[in-house]
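The structure appears below as structure tokens.
The values are calculated or read from the model by the stated rules, or taken from the named source; none is laboratory data. Please read these numbers as outputs of a predicted model, since none were measured by experiment. When we count neighbours, we look across all protein chains shown, and the Cβ atoms used for this are built from the backbone with ideal geometry, even at glycine.
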Amino acid sequence: MPETSHRGGLRLVFAGTPDFAAHHLRALLASEHQLVGVYTQPDRPAGRGKKLHASPVKELALAEGLPVYQPASLKAPEARAELAALEADILVVVAYGLLLPKAILETPRLGCINVHASLLPRWRGAAPIQRAIEAGDRESGVTIMQMDEGLDTGAMLVKATCPIEPTDTAGDLHDRLATLGGPALREALTQLAEGRAQPETQDERDSCYAPKITKAEAALDWHQSNEALERKVRAFNPFPIAHFKRAGSGDPIRVWSATAVAEDASEPPGTVCNLDKHGLTVACGRGQLQIHTLQLPGKRAMTVEELLRGRPDLFQVGESLETDT
């Protein structure tokens, strides 16, 4: 029989996998609540040797002496029985990566809650951080919601907001939201524990879908506006990194940072308009994009100024870069 709650807190089971989830697990470890189990995805092969690597959540859980569960699926009756045996008040889910069937959602006494990296219902789905930057949103945040069978459609409990700065990458916003989410999660748990939570139904008319990011869509289409391409560069940093190819070459060149330049270009989209210590300037469908930091295949990322010192003839004004049409 599991131990009873201590210090008046709730009995929690946590489910999460990446670093974003580990931030929230750490916040719960510092709370009055009792963690009785941690779920995370099975170890995955990574690196050149394809050795199995534990998730950030698993590493933290083991370091704290918490029991870890790694089922490949939660659909089997055995999975529900395993969770039920923990007698949790609430299952806290943060970027877990596995579907929770209805039977799992109904197992904890007070149900399941989720930490979502968006001001719901704005961005539902797998990549709310990247899609918010790509779309040019000026604000983001974290929503703590009750989970139902839909995709991020549950009633909202607590929101915490923050601005999206003009220079923010997805990595920058990820870190800010990870810090913002811990206090919001603890506030939602306090409200639930004290019986004063006031769930708010989402307005379906305001929802957008944030599909998973693919490497293919990170290819820069020079026919788009310079502002759209700048947002894409920031949205896809640190993964999968925006890129382009030179005409006649199949090797992608990664773009780590770039700025939209106001000047209109008379040259066709994809034409190199200027090349100096400030960057590589390329004509777009509207305006120009000045690329500041590049990464050649097999090399480290470096500024254009640094790159030109070693390879001054690498790019030529007037040459055409490939476009993704």
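The table for this structure:
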read-out: Single residue of Arg109, Arg122 found to be outside the structural domain of Ser225 (by TED's automatic domain parsing), closer than 25 Å to Ala84 by Cβ and among the basic types (Lys, Arg); value: Arg109
read-out: Output for region 269-289, where each listed residue is among the hydroxyl-bearing types (Ser, Thr, Tyr) and over 13 Å from Val304 (Cα atoms); value: Thr271
read-out: Strands (runs of 3 or more DSSP E) enclosed by region 36-108 - at least 2 residues per element that are out of contact with any Gly (no Cβ under 9 Å at 6 or more places or on another chain); value: 44-46, 51-53
read-out: All strands (runs of 3 or more DSSP E) inside region 260-325 with 1 or more residues being buried (at least 17 other Cβ atoms within 10 Å of the Cβ), of a type outside the set (Gly, Ala, Ser) and in contact with a Lys or Arg (Cβ under 9 Å, 6 or more places away or on another chain); value: 288-295
read-out: Total residues in region 128-167, condition buried (at least 22 other Cβ atoms within 10 Å of the Cβ) and either at negative phi or touching a Ser or Thr at 6+ places or on another chain (Cβ under 7 Å) (or both); value: 15
